[in-house]
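Contents: one structure, followed by commentary.
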Amino acid sequence: MSDATKKNGMATAALVLGIVSIALFFIPYLAIPCGIVAIILAVVAKNKIKADPDLAHTSGQATGGLITGIIGLVIGIILIVIALMFVSAVVDQADAWQDLANDLERYENY
């Protein structure tokens, strides 16, 4: 089999999943698993490329899959952290408003 016809499906899958993880950044519960799988497939693909030099032409796909997988994973994690911070701030603000309402109620009863 010639160099141009030998395929590395893991490198292609890593690239596709990495791109999907970035494209679906606004749905972290999909972006994070896609990013993780893309990273794993990219690492496995790079190991296959080291073992079989005929797959060297797929190195760019594996590298692209690794990079896009990392980016998608990081963006997904950042969005989850931002969402948790937002929920925490809303809960804290609701507690503050409840405390204010309780204080006003006590002052009205005097």
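The values are calculated or read from the model by the stated rules, or taken from the named source; none is laboratory data. Since we're looking at a predicted model, the values are computed, not measured. When we count neighbours, we look across all protein chains shown, and the Cβ atoms used for this are built from the backbone with ideal geometry, even at glycine.
Would a scan of the stretch 50-72 turn up a residue that is charged (D, E, K, R), buried (at least 18 other Cβ atoms within 10 Å of the Cβ), out of contact with any His (no Cβ under 8 Å at 6 or more places or on another chain) and touching a residue at least 12 places away in the same chain (Cβ under 8 Å)? No, that holds for no residue. Criterion applied to Val20, Val44 was being touching a residue at least 40 places away in the same chain (Cβ under 8 Å) and aliphatic (A, V, I, L, M), and the one residue passing it is Val20.
Beta carbons closer than 7 Å, at least 6 apart along the sequence or on distinct chains, pair a first residue in the stretch 74-95 that is closer than 17 Å to Leu30 by Cβ with a second that is among the aromatic types (Phe, Trp, Tyr) for Ile75/Phe25; Gly76/Phe25; Leu79/Phe25.
If the condition is being in contact with a Cys (Cβ under 8 Å, 6 or more places away or on another chain) and outside any loop (DSSP other than H, G, I, E, B), then the stretch 1-59 contributes Leu17, Gly18, Val20, Ser21.
This table checks each residue for (1) small (Gly, Ala, Ser); (2) at pLDDT 95 or above; (3) over 26 Å from Thr5 (Cβ atoms).
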position: Ile27; (1), (2), (3): no, no, yes
position: Ala31; (1), (2), (3): yes, no, yes
position: Cys34; (1), (2), (3): no, yes, yes
position: Val43; (1), (2), (3): no, yes, no
position: Ala56; (1), (2), (3): yes, no, no
position: Leu66; (1), (2), (3): no, yes, no
position: Gly72; (1), (2), (3): yes, yes, yes
